[in-house]
Every structure is written in C-alpha cells, then in structure tokens.
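Right, one structure below, let's go through it.
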Amino acid sequence: MREINLLATPFGVLILAAADSTLFFSLPFGIDAAIIILSARRHDLAWIIALLATGSSLAGAALTFWMGVEMGEKGLDRYAPPRRLKKIRNRIRKTGAVLLAAFDLIPPPFPFTLLVLAAGALEVKASTFFITLGVCRLVRFGSEALLAVIYGQELLGRFDSEMFHDDVAIAIVLAVALTVLSMLRFVRATRSPHRRRASA
C-alpha cells in the first residue's frame with residue numbers, strides 16, 4: 001500500500017511519467033494507474049494531473065530521442081534484437097512523424113520507448129513528432145483522468161485489493177531489474193561505436 005500511495009501523488013506522477021518515457025525504467029500501466037488513482041481521490045486536480053503527466057512524459061521522451069541521436073543507427077544494433085529492430089526501422093521509414101507519434105496510443109507491450117529511441121537515431125523530424133506525441137498523451141492521460149472522476153469509487157475499490165498490491169510490488173521489483181539491464185545496454189551501445197572509430 002505504501003508503494004501505491006507514494007506513486008499516486010502529484011510528485012509521484014511527475015517522476016513516474018518522465019521515467020516511463022525513458023529507456024531506464026519500465027513499469028507497464030504504472031503511470032496510467034497512478035493517474036487514475038490520484039484523479040479518483042482528488043477530482044479537483046484531475047485536469048492538472050493530466051497536464052502534469054503529459055509535460056513530464058514529453059521531457060522523458062525528449063531524453064530518449066536525444067539518446068537515439070547520440071547513439072546513431074549503428075548503436076541501435078546493439079540495443080535491440082535484429083528482428084525487432086528491422087520491424088521498427090521499416091515502420092519508421094514507411095510512416096511519417098505524425099503517425100509514428102500516434103503509436104503512443106497503442107497500449108503495452110507495444111515497445112513505444114524503443115520506437116522513440118529509433119526515431120532519434122534515424123533522424124525523424126523532432127518538432128512534428130513531439131507536437132503529435134504531446135496531443136496523443138494529453139488525450140490518453142486526460143481520458144484516464146476523466147474516467148477516474150466518473151467511476152472513481154468503483155476503480156479505487158479494485159485498486160485497494162490485496163492482489164493488486166501484490167502485483168504492484170512484483171512489478172516494481174521487475175522494473176528495477178529492467179532498469180539496470182537497460183542502463184547496461186545503453187552504455188554498451190554508446191561505447192562500442194566510439195571504440196571502433198578510435199581503432200580505425
């Protein structure tokens with residue numbers, strides 16, 4: 001219960017939304033649950049929560065995009081399996097920045113963060129991409145906050161179940177493990193190209 005109360009605060013939403021948009025943290029539906037719980041508890045803050053989550057998630061996505069730019073296309077080869085990377089490359093090349101950002105509306109396990117990283121590496125137009133992404137995330141988080149205001153008590157009853165608390169604890173442990181793995185992958189992806197240049 002303590003973990004949920006910590007995340008379901010304005011500060012928790014701010015941190016979770018930013019972290020969830022980076023490569024260093026993975027907690028599927030974590031930010032969505034935090035928005036719903038906080039909006040259900042504080043109806044008067046629902047619209048502010050949606051805006052806060054949108055802005056913070058864009059900051060995290062901007063960091064991921066920049067990392068892709070720094071990593072370059074060659075660095076992607078060391079960060080994702082070849083088959084998945086091939087699909088992502090094809091998707092980016094076939095769709096424009098607008099449609100690419102709109103993929104944010106697809107729920108997990110769709111690898112949107114990896115898509116943002118690849119967009120930076122493959123030089124997708126940043127301004128169009130982030131404007132569209134901002135609109136999509138405002139729609140997503142705003143809809144969740146609105147539903148929480150309407151169906152708040154029923155949703156809170158489900159989130160207060162013991163099974164849900166156990167699931168959250170397990171998810172946090174997995175998120176920490178995935179965070180460490182993601183950081184190691186990024187270090188490997190960024191160092192290797194530089195070493196190859198130095199030895200050339």
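The values are calculated or read from the model by the stated rules, or taken from the named source; none is laboratory data. Nothing here was measured: the structure is a model prediction, and the numbers come from that model. Neighbour counts are summed over all protein chains in view; Cβ atoms, including those assigned to glycine, are modelled from backbone coordinates with ideal geometry. Protein only, heavy atoms only, side chains kept; ligands, DNA and RNA dropped before computing areas. Shrake-Rupley method; radii C 1.70, N 1.55, O 1.52, S 1.80 Å.
Counted as qualifying within the range 49-150 are the helices (runs of 4 or more DSSP H) with 1 or more residues that are more than 30 Å from residue 10 (Cα to Cα), namely 82-94, 97-102, 112-121. Candidates 36, 48: the one that is at pLDDT 85 or above, under 18 Å from residue 139 (Cα atoms), of a type outside the set (Asp, Glu) and surrounded by fewer than 17 Cβ atoms within 10 Å (Cβ to Cβ) is 48.
Check the range 19-31 and report whether any residue there is small (Gly, Ala, Ser) and over 23 Å from residue 122 (Cβ atoms). Checking the range 19-31: at least one residue is small (Gly, Ala, Ser) and over 23 Å from residue 122 (Cβ atoms).
Annotation: of all residues in the range 122-131 being at pLDDT below 90 and β-branched (Val, Ile, Thr), the one that is least open to solvent (accessible area, probe 1.4 Å) is 124. Filtering the range 6-34 to residues that are in a helix (DSSP H, G or I), under 14 Å from the mean Cα position of the chain (by Cα) and of a type in the set (A, V, I, L, M) leaves 13, 14, 15, 16, 17, 18, 19, 31, 33, 34.
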